[in-house]
1. Any chance you could run the full-extension gain for E52 through L112? It's 0.36 nm times the residue separation minus the Cα-Cα distance, nm to one decimal.
2. Peptides 58-66, 216-224: what's the order by average Cβ count within 10 Å, highest mean first?
3. Determine, for each peptide in 42-51, 242-251, the mean count of other beta carbons within 10 angstrom over its residues, then list the peptides with the highest first.
4. Per residue, how much accessible area does segment 180-251 have with a 1.4 Å probe, in Å²?
5. Using the per-residue mean of other Cβ atoms lying within 10 Å as a proxy for protection, in what order, highest first, do the peptides 80-86, 227-233, 110-116 fall?
6. Calculate what fraction, in whole %, of the accessible area of segment 1-93 sits on carbon and sulfur atoms when a 1.4 Å probe is rolled over the protein chains.
7. To one decimal place, what orientation-averaged projected area in nm² is obtained for the convex hull of the Cα set of segment 1-126?
Amino acid sequence: MTGLRYVYAVCRPFGTPLQAQLTGVGGDPPRLVPHHDLVAVVSHVPEADFAEEPLRAHLEDLDWLTAVARAHQGVIDALTTVTTPLPLRLGTVFRDDSGVRSMIEAREENFLRRLDRLEGRVEWGVKVFLESEPEQTPEQAAPQPAAMSGRDYLRRRREQTRSREEQWQRAETFATGLHRTLTGFAEDSRLHAPQNPTLSGHSGRNVLNAAYLVPRGESEAFVEQVERTKDDSPGLRVELTGPWAAYSFAGEETSGEETAGGKTAGGKTAGEGTA
């Protein structure tokens, strides 16, 4: 099959076959391109969509980008069940297998070092949200006096502000304590910027958005620790995601720097983990 080479990840050779029905970006099954002690996991993609100019245009198409990201993530998820992948950026494309091998050659030492660090480890994402209080309808609202004085109005506003500040302080204290506890079950952690609810679609205000690097054998204890905290603080919601490939710990050096036109699309797929 002709076409450009879309690269999902670099990993060590593995003997367990991937899922028989697994398809990647554009519906093409992923295959392996070996080089020395590493393999790149790739699919063929059409030049009409993934050459530099059309790819740049497609990156403005949210529906197209979402479909590519989901296919990319599906391959990474499948790899995570059989090996430790080092994910590359969404949209990393090369002209041919030779270009893929040249990329591995240039970064071989770095890839091996990072794979050694991540071997047998997965990423878990933990988020804490301060639940939004439901809007009161006029019928639910407390009865208002016929005429409220300016002093009473200001007092009520101060009470409302104080209540919100106390809720936020309680949420921050809880999130700080949870993060401190979970770092004791992880080998490494990353604190990401809080998610914008408008963009993420999550309800409530994001207080903690963290990723944790955990050995596979200790993942059960990590998950149990998170589960034990879920009912500790009314009004707060704890969300756990994973296990993922270690996106947050792979490092920028793992991202590709070439496409058919010499550039990458940029931007990592969402794991959510984390972030």
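1. Numbers: separation 60, 0.36 × 60 = 21.60 nm, distance 2.90 nm.
This chain segment gains 18.7 nm when fully extended.
2. Details: 58-66: 11.9, 216-224: 13.6.
Highest mean packing first, the order is 216-224, 58-66.
3. 242-251, 42-51
4. Details: 3700 Å² over 72 residues.
With the other protein chains kept in place, segment 180-251 gives 51 Å² per residue.
5. Details: 80-86: 20.4, 227-233: 12.9, 110-116: 16.6.
Per-residue Cβ counts within 10 Å, averaged per peptide and sorted highest first, yield 80-86, 110-116, 227-233.
6. Working: 2290 of 4180 Å².
Its accessible area is 55 percent carbon and sulfur atoms.
7. Numbers: hull surface 33.9 nm².
So the Cα hull casts an average projection of 8.5 nm².
The values are calculated or read from the model by the stated rules, or taken from the named source; none is laboratory data. Not measured: the values here are computed from a predicted model. In this analysis, Cβ positions are derived from the backbone assuming ideal geometry, glycine residues included, and neighbour counts consider all displayed protein chains. Accessible surface areas use protein heavy atoms only, side chains included; no ligands, DNA or RNA. Shrake-Rupley method; radii C 1.70, N 1.55, O 1.52, S 1.80 Å.
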